[in-house]
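Working notes, beginning with the structure itself.
The values are calculated or read from the model by the stated rules, or taken from the named source; none is laboratory data. This structure is a prediction, so every number in the text was calculated from the model and none was measured. So basically every Cβ, Gly included, is an ideal-geometry build from the backbone, and we count neighbours across all protein chains shown.
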Amino acid sequence: MSHPGQDAVIQYYDTHPINEEQILHKLGSRGVPLDTLTEDVLKEYDQDHYGGVEAVDALAAKAGIESRHHVLDVCSGMGGPARYLAHRYGCRVTGLDFTESRYRSAIALTRLVRLDSRVDFRMGNALDMPFGNASFDGAIGQEAWAHVPDKHRLIGECSRVVKPGGFIAFTDILRRGALDASTEARLEREMTFASLETLDGYSGLLRGSGCTVVSCEDLSEHWARILVQRLEMYRSLEDETIARFGEAHYRAWDDTYSFFVGLFAAGKLGGGRFVARRD
């Protein structure tokens, strides 16, 4: 199942400043030998979400992830959280993503740290997952679901592929009240956010898909601080981004991300962490 904005999302991540080439370049510039690379080292470079491995640990703790679990990472990108979960908790993880460049990078980086026996990846759409009913002990996601336009179907698919009693645990970018039309249009055009849910909205969708909401946390103030740091991190990659994608792309990215960070500072956007159990 495709949607009109799918190509835009793929383009967004095909030209993202954080990518496999950038990660390998950073490792090489710091003298890290790739033939003996471990997840303990790679995890410091490949966590393209808010809060790094500490955020993954918080989500895992609240979901109760254990070594016996088979976890689905929905919109898994380059697989940073999937690899970390398998390494840290001993569980099996399957990542799902429809951007081929991210999918291929996830496989390559996972093989590099020799975790491919416990972590695998599938190309596919979160709105029409290529898995049978009750295939996983739980599903996770981290700040990627803002790109998915049909949140009702997304949560429904997560519920469908998770076993009864299993968990759905995720963080996502949220709107805090109404956004004006020009802001919504710019977020869709430049960030490929076709729709943004609210804290209460996601809780309602989870309950409507046969889940009990265990916790629902507002992370907005914490993320507002993190995003200021991320903007500076992206700016530190100016030379690498220009070398690969051109100066115009870098300037446009910087302008877009500054706008995005400003919406958090103004209280118009925020974030939430959700944990639910399938009934």
Query raised in the report: From the residues in the stretch 149-184 that are hydrophobic (A, V, I, L, M, F, W, C) and part of a loop (DSSP other than H, G, I, E, B), which one is farthest from Val214 (Cα to Cα)?
Result: Leu179
Query raised in the report: With respect to the numbered conditions (1) in contact with a Lys or Arg (Cβ under 8 Å, 6 or more places away or on another chain); (2) closer than 19 Å to Ala63 by Cβ, which one is the sole condition not fulfilled by Leu196?
Result: (2)
Query - the stretch 208-220: number of residues that are exposed (fewer than 14 other Cβ atoms within 10 Å of the Cβ) and out of contact with any Phe, Trp or Tyr (no Cβ under 9 Å at 6 or more places or on another chain) - result: 2
**Report entry** Which numbered condition Ala146 fails, given (1) crowded, with 16+ Cβ neighbours inside 10 Å; (2) in contact with a helix residue (DSSP H, G or I) (Cβ under 9 Å, 6 or more places away or on another chain); (3) at pLDDT 95 or above; (4) not in a helix (DSSP H, G or I)
**Finding:** (4)
Requested in this report: With the condition kept exactly as written, say whether any residue in the stretch 177-185 is over 17 Å from the mean Cα position of the chain (by Cα), closer than 21 Å to Ala139 by Cα, of a type outside the set (Val, Ile, Thr) and loosely packed, with under 15 Cβ neighbours inside 10 Å.
Outcome: no
Query raised in the report: Do you know which residues across the stretch 1-52 are buried (at least 18 other Cβ atoms within 10 Å of the Cβ) and touching a Phe, Trp or Tyr at 6+ places or on another chain (Cβ under 6 Å)?
Result: Pro17, Ile23, Lys43, Tyr50
Report task. Would you be able to tell me the number of residues in the stretch 15-37 that are farther than 26 Å from Leu231 by Cα and under 22 Å from the mean Cα position of the chain (by Cα)? Result -> 0
Report task. Could you please let me know if Asp73 is touching a strand residue (DSSP E or B) at 6+ places or on another chain (Cβ under 6 Å), buried (at least 20 other Cβ atoms within 10 Å of the Cβ), closer than 26 Å to Ala61 by Cβ and among the charged types (D, E, K, R)? Result -> yes
Query raised in the report: Pairs under 8 Å by beta carbon, first residue in contact (Cβ under 8 Å) with a residue 12 or more places away in the chain and assigned to a loop (DSSP other than H, G, I, E, B) in the stretch 198-211, partner surrounded by 15 or more Cβ atoms within 10 Å (Cβ to Cβ) and basic (Lys, Arg), six or more apart or different chains?
Result: Thr198/Arg175; Thr198/Arg176; Gly210/Arg278
Query raised in the report: Is the stretch 243-263 home to any residue that is within 22 Å of Ala55 (Cα to Cα), among the aliphatic types (A, V, I, L, M), exposed (fewer than 14 other Cβ atoms within 10 Å of the Cβ) and touching a residue at least 24 places away in the same chain (Cβ under 8 Å)?
Result: no
Report task. Only residues that are surrounded by fewer than 16 Cβ atoms within 10 Å (Cβ to Cβ) and in contact with an Asp or Glu (Cβ under 9 Å, 6 or more places away or on another chain): list them for the stretch 232-242, please. Result -> Arg235, Glu238
Query - Subset of the stretch 86-137 that is among the small types (Gly, Ala, Ser) and in a helix (DSSP H, G or I) - its residue that is farthest from Glu157 (Cα to Cα) - result: Ala108
Requested in this report: State yes or no: is Arg235 free of Cβ contacts under 8 Å to residues at least 12 places away in the same chain, closer than 18 Å to His49 by Cα and of a type in the set (D, E, K, R)?
Outcome: no
Requested in this report: Look through the stretch 94-115, keep the residues that are aliphatic (A, V, I, L, M) and within 15 Å of Ala144 (Cβ to Cβ), and return whichever of them is surrounded by the fewest Cβ atoms within 10 Å (Cβ to Cβ).
Outcome: Leu96
Query raised in the report: When the stretch 159-177 is examined, which residues are found to be at pLDDT 95 or above and out of contact with any Leu (no Cβ under 9 Å at 6 or more places or on another chain)?
Result: Arg160, Lys163, Pro164, Gly165, Gly166, Phe167
